Amino acid sequence: MTYTPGSEEGLPEAARQRLLDMSGKGNKPALFTSDLSINEFLLVKEAGFDPVGLVMGSSIYHIGLQIANVYQSQELEVLTQAMYEARELAMTRMEEEADVLGADGIVGVRLEASRYAFGDNLAEFMAIGTAIKHRSGEHFRTPDNRPFTSDLSGQDFWTLLRAGYRPISLVMGTCVYHVAHQGAMQALKQTGKNIEMQNYTQALYDARELALSRMQAEAERDQAEGIVGAQVQEKNHGWDSHVIEYFAVGTAIRSLSGEHTISAPTMTLPLTG
């Protein structure tokens, strides 16, 4: 599903109506929803933005079958592509909801995957976050006129802007990888020894590097200067014990100006035990 600014192609009618009601069409006053905490809400306001609504996108996706050679470490490209496409569908629908609200961007984005009993090969992918709009109308959308996306908290978003940087997009890379089983002779040679399991080490290294390089490629595509808050997550999703997904995700950022003011750190003492 290709993102088109202003398109509502992927939105169900109920979502469209909910968003129109929130935006204050007709005789109804505007009403925002948000999953921001109180502190996040206030800091987003301090940064010059107003929350305009909780936005989400969903895709229930059938994950195809791919058979791997038991004794070969390899990427399972069919599964990798499925995980990419399902998340992109969810992200695009979330961005479409933000467009309906006239938002400049989305903060606190979460990407979730769930399996259901009604199909072993079915999974729901959901993207959810709070759409925000700059109060003075300053342009914060991406060069291709998408709302910016970010998994930064309200506090981190405020700190980033104050230091002279802005988020561009939530960038990600994934790799579903089959880790080869050990042969009987190899396992026998290692019995009772302290020894590195080289086939496992190399397979997991390769899978992580593929995920990280794909995340980096998305940031380069969006003309970012760097990525903050990057994470590499390891998940199985109920596949075979030797099949693992590595998912790299972070927020691509760019400078607002050539000058950056970095606030001095302050010491904070918790009041809890």
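Summary table
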quantity	calculated
Charged-residue dipole, Cβ positions (Lys, Arg, Asp, Glu), the range 83-165 about Cα centre, Debye nearest 20	320 debye
In Hz, Karplus ³J(HN,Hα) per residue of the range 37-42 (6.51, -1.76, 1.60; θ = phi - 60°; x = Gly, Pro)	6, 4, 5, 5, 4, 5
Alpha carbon convex hull of the chain, projected area averaged over orientations, nm²	20.2 nm²
Alpha carbon centroid spacing (whole Å) that separates the range 107-149 from the range 236-273	17 Å
Relative contact order (%) - criterion: Cα under 8 Å, at least six apart; region: the range 13-255	21 percent
Directionally averaged shadow of the range 8-153, computed from the convex hull of its alpha-carbon atoms, nm²	11.7 nm²
Gain upon complete extension [Ser263, Asp144; 0.36 nm per residue less C-alpha separation]	39.7 nm
Reference-scaled alpha-carbon Rg (2.2 N^0.38 Å with N residues) for the range 118-273	1.42
Segments 14-20, 158-164 sorted - mean Cβ within 10 Å per residue, highest first	158-164, 14-20
Positive-end residue, the chain charge dipole about Cα centroid, Cβ charges, pick of Asn121, Val176, Thr33	Thr33
Highest to lowest packing among 241-250, 28-37, scored as the average C-beta count within 10 Å	241-250, 28-37
Helical contribution to [θ] at 222 nm, DSSP H n ≥ 4, -39,500 (n - 2.57), averaged over the chain, rounded to 500	-10000 deg cm²/dmol
With Cα atoms, 0 to 90° folded angle of helix 198-221 axis to the chain main axis	30 degrees
Separation of alpha-carbon centers, the range 160-179 and the range 74-90, rounded to whole Å	17 Å
Candidates Val232, Val171, Val44: whichever shows maximal mean-square fluctuation once the chain is modelled as a Gaussian network with Cα springs under 10 Å	Val232
Rounded to the nearest 20 debye, dipole of the chain from Cβ charges on Lys, Arg, Asp, Glu	420 debye
Relative contact order (%) - the range 147-239, alpha-carbon pairs under 8 angstrom, separation at least six	34 percent
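Laboratory data are not the source of any read-out in this text; all were calculated from the coordinates shown. What you are looking at is a predicted structure, and each value in this text was computed from that prediction instead of being measured. Virtual Cβ from ideal backbone geometry, glycine too; neighbours counted across all protein chains shown.
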